[in-house]
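Working notes, beginning with the structure itself.
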Amino acid sequence: MLDLRKYSSVGEALHDALETWPREVCLIESDRGEEKQRLTYRNFKDQALPLAKALQDLGVGPGDRVSIIMTNQSKWLISAYAIFFCGATLVPLDYKLKPEEHWQLLKHSGAKILITEFGIWRQLGASRGRTAATNFQAVLATEAPANADMAGAVRWEEARGAQAPVFVPQGRQDIACIVYSSGTGGTPKGCMMTHENYLEQCMALTSLYPFWPGVRYLSILPTNHAIDFMVGFFGPFTCGAAVVHLRTLRPEYVREAFPKYEITYVSLVPLVLKNLQKGLQARFDELPASKRKALEAVRNINRALTKDHPRLWLSRKLLGEVHTAFGGKLEAIIVGGAFTEPQTLQFFYDLGIPVANGYGLTEAGTAVTVNDLKPFRADTVGKPLPGMEVEIRNPDADGIGEVTVRSKTVMAGYLNEPELTAETIVNGWLRTGDMGRFDSSGNLQLFGRKKNMIVTEEGKNVYAEDVEQAFEGLRVKEFCVFAANYVWPQRSMVNEKLILVIHLEPGQAFSDELKAEIGVRNSRLINYKRVHGLVVYHEDFPLTASLKIKRNELAQRLGAQDREQSILPI
Amino acid sequence: MRTIEQTTQEILQLATQQFKVPAGSLAPGDDFYKKLGIDSLQALEMLSRLENHFKIELPDYEVQGVSDFQTLAERIQARL
């Protein structure tokens, strides 16, 4: 891999990667089982540089922000490199957000150019939120049909400058990306990630899970997500490896991709991993009793022989059929975005498929700890990566306290939010809001959160405040949304739920009509943002002088009540 | 050409079969995540079956955020 210590920016490292491995394949793109594109590093460069020149002709340079809203595909990475080449800041947004949410974040980020897919642009253009973003200068849309109404956008394929662009260097402390970790409903949390953050994180991660030319990484998590940006773009590229994109992420195409492209690594969220487990288990259960027994015996042998560390060659021999289904070249499944239940991790490890679970957050530059598999420990999230200082603050009698992190990978701060930044990074230490402790072997174990938020199994961060606007105007005296575990702390990070707390007007009854209205409003929220319980509170909410709800105090008062008796189903 | 009502009814029928719920228990306005008790991956599997049935292709982003049969039917109808 490239020696990243000598680079000062993401763009500079990528620039050298394209020169180092010109003939290696860097991208494969497949749609519904059909391979659409295969690019070498040289092909990649040939597509990216004319785009960089077009951006420079549009005036893009240092300090400018350019947003990408795209599904996982080759043009995402080509566009990102062109942006870095110009010395500009990339604002990657989740294509799964609603158009109104896109506009809100585009406005907040101050992006002056948007690069997107035509289908997404059609939805964005039709959205009422469009008037919100006035800072826009140009939109580049990919893959528009020949006779399409571009609605003011320029075709990405035609955005090609004739002359060679000029590479614009950036410093390690300059902002490479603004990554939104959440906040489309409340305060947008735009994490300002420096070039140093990425360079350091990449060195740390690849020291444990190396890439090399010939490695094929299957990119499933959205590339705007810190994990996929690192292990599905920057990591493989700085090592001469290849990334495989599937334009359609239906389970059948994902399954097919493993053997077809002999995938080496894949990153998944716990929900997908559990789904894989369910599918495999169902297939095992269908086996005749004798075969099932034989499988169980081999699994036990594998477990015993890989107790200290993985022995992939041996596991592939012992459990050949399972490994063949995964293509036979899988080195590890990287799981992240949310907490994974130990039994799911153990299930895969016993089959000889290492699962690299860890713990991280965008603010810390992706991963903080990762399981080093020596030995595999399903009950922990691993040890701190090289370069990470992790301390437990204010531990209780059991040694459990807030996880804090100091590292060159910690973000510069939240965009336009100096107060929130000052609360989050104190004297150089990032306060994660997650509760944990180290075990005797130095592995981190997590025990819930002190933040008023949940993380779903799909890796979605949902802040309770962000959900409240769905209930604006509800006919009650006041209301508030909480993460149930914030009110009633649990030493657990699974099955996290949101609850709606209402306080009725004097004399108002809790009617069926009100209950129905709550149900309707709740169902308008995207499924992972919905509240799962209702609490009718009978006292006035504690308020600040400016009439804002004192959430901490209200949570404490609610917490004194019995959890099970307080929460009504919705 | 199917009407939107026909498309909706066919979707309901297919979902009834796929997730083995009692016939007639699904309505156009139902939230399929809630009513069928499925997660986002199972919803994607349902989409694949609908694509095969209607002989269309639906990009993933077009059905992102859709959670009721009626809206799903409208998205499918637009591609028929």
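A few notes on this one:
- Looking at A:64, A:31, just one residue is within 26 Å of the chain's Cα centre (by Cα) and within 14 Å of chain B (Cβ to nearest Cβ), and that residue is A:31.
- At least 2 residues being modelled with pLDDT under 95 is the threshold, and among the helices (runs of 4 or more DSSP H) wholly inside the stretch A:64-162 those reaching it are A:99-109, A:118-126.
- Criterion (of a type outside the set (S, T, N, Q), in contact with a helix residue (DSSP H, G or I) (Cβ under 8 Å, 6 or more places away or on another chain) and away from chain B (no Cβ under 14 Å)) met by exactly one of A:437, A:406, A:449, A:393: A:449
Results for (1) more than 30 Å from residue A:466 (Cα to Cα); (2) touching a residue at least 12 places away in the same chain (Cβ under 8 Å), shown as yes or no for each residue.
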site	(1), (2)
A:118	no, yes
A:128	no, yes
A:135	no, yes
A:148	yes, yes
A:158	yes, no
A:190	no, yes
A:193	no, yes
A:198	no, yes
A:203	yes, yes
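- When each of A:221, A:199 is tested for being within 14 Å of chain B (Cβ to nearest Cβ) and either more than 21 Å from residue A:74 (Cα to Cα) or assigned to a loop (DSSP other than H, G, I, E, B) (or both), the lone residue that passes is A:221.
Here's the yes/no breakdown for (1) surrounded by fewer than 20 Cβ atoms within 10 Å (Cβ to Cβ); (2) small (Gly, Ala, Ser):
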residue: A:452; (1), (2): no, no
residue: A:462; (1), (2): no, no
residue: A:471; (1), (2): yes, no
residue: A:485; (1), (2): no, no
residue: A:489; (1), (2): yes, no
residue: A:513; (1), (2): yes, no
residue: A:533; (1), (2): yes, yes
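- Cβ-Cβ under 6 Å pairs, at least 6 apart or on other chains, the stretch B:56-68 side farther than 14 Å from residue A:247 by Cβ and within 9 Å of chain A (Cβ to nearest Cβ), far side buried (at least 16 other Cβ atoms within 10 Å of the Cβ) and polar (S, T, N, Q): B:67/A:527
- The listed residue being under 26 Å from residue A:102 (Cα atoms) and not aromatic (Phe, Trp, Tyr), out of A:168, A:179: A:179
- Count of the stretch A:287-342 residues, restricted to those that are of a type in the set (Asp, Glu) and farther than 19 Å from residue A:209 by Cα, is 3.
- The set of residues in the stretch A:271-301 being within 31 Å of the chain's Cα centre (by Cα), of a type in the set (Gly, Ala, Ser) and modelled with pLDDT of 90 or more consists of A:282 alone.
- Check on residue A:50, in contact with a Cys (Cβ under 9 Å, 6 or more places away or on another chain) and at pLDDT 95 or above: no
- Flag for residue A:399 being without any contact (Cβ under 8 Å) to a residue 60 or more places away in the chain, over 16 Å from residue A:334 (Cβ atoms) and not assigned by TED's automatic domain parsing to the domain that holds residue A:193: yes
- Restricting the stretch B:45-55 to residues that are more than 17 Å from residue A:527 (Cβ to Cβ) and without any contact (Cβ under 8 Å) to a residue 40 or more places away in the chain, the residue that is farthest from the other protein chains (Cβ to nearest Cβ): B:55
The values are calculated or read from the model by the stated rules, or taken from the named source; none is laboratory data. This one's a predicted model, so the numbers in the text were calculated from it and none came from an experiment. Cβ atoms come from the backbone with ideal geometry, glycine included; neighbour counts cover every protein chain shown.
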